[in-house]
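FYI, it's all coordinate maths here, none of it is from the lab. These numbers were taken from a predicted model, which means no experiment stands behind them. All Cβ positions, glycine included, derive from the backbone under ideal geometry; neighbour counts span all protein chains shown.
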């Protein structure tokens, strides 16, 4: 369905991505873990051209495109097939929850306003905010704002949803409501790539866990393999630090 090959990205002399490969099948929930600065977010953003990679290719069903030199039409088509949930919500402060969801449908996808409103209302209902359509971001909690962000991403029925640390900006008591929405999407068969530090979500919902460090994929496998039998010392060190348990991994 979606295949990224040999993705490279540098900022000046700082090489962020050093040849990352990833393959996603329909219905997969790929969770990407790793320390800050490992390239996780940059990699996610190159998938739908929020960042232009310096090298690499993407295959998305019938589309084959160069990540550096893709045409405007190719970029538009890949963005049409993906939804992006941002770390810090990225909502318009002067628009209601409903307007934040309809904006992209009307402006970017040229969907008639009445149809966009109907679609947006259904998306907000799916994330438990059907009664908050007329609320502005300042009137919503962080968790509710992030759920509006998810509604915006799913409203256009994307083939793949990209989540960039969707709970990292939330107070701890609000994390669960966002993760529950994501788990529901997973149960419904959504295809998702999730950059997160939420280990419980990775363990419970992921079909594959990818560990990145230093701009490369160190290892990947099922949640059971990564959390119970990691093969690389870097993965072991990360899990010990994040989970704060004294695991006795045999490598």
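What the table below lists for this structure:
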read-out	value
Taking 138, 10 and counting other C-beta atoms within 10 Å, the order from fewest to most	138, 10
Potential lengthening between residue 199 and residue 109 on full extension [0.36 nm per residue; Cα-Cα distance subtracted]	28.9 nm
Sorted peptide list for 231-242, 93-104, criterion being average Cβ within 10 angstrom, highest first	93-104, 231-242
Cα pair count fraction exceeding 20 Å, expressed as % - region 95-163	19 percent
Debye equation applied to the C-alpha atoms of region 1-136, log10 I(q)/I(0) at 0.20, 0.21 Å⁻¹	-1.19, -1.23
Inter-label distance for residue 169 and residue 61, nm, one decimal - labels placed 7 Å from Cα along Cα-to-Cβ	3.0 nm
Cα centroid separation, region 37-92 to region 103-153 (Å)	23 Å
Reciprocal mean inverse distance between Cα atoms of the chain - Kirkwood radius, Å	18.8 Å
Fraction of beta bridges assigned by DSSP in region 158-251 that are antiparallel (%, nearest 5)	55 percent
Average projected area [Cα convex hull, region 192-234], square nanometres	3.1 nm²
Estimated FRET transfer efficiency (residue 90, residue 180; beta-carbon r; R0 25 Å; 0.05)	0.70
Percent of beta bridges antiparallel (DSSP, the chain, rounded to nearest 5)	60 percent
Ranked packing of 170-177, 115-122, most packed first, by mean Cβ within 10 Å	115-122, 170-177
Dimensions (Å) - region 145-237, Cα atoms, principal axes, largest first	40, 30, 24
Shape of region 45-96, Cα gyration tensor, a/c cut at 1.5	prolate
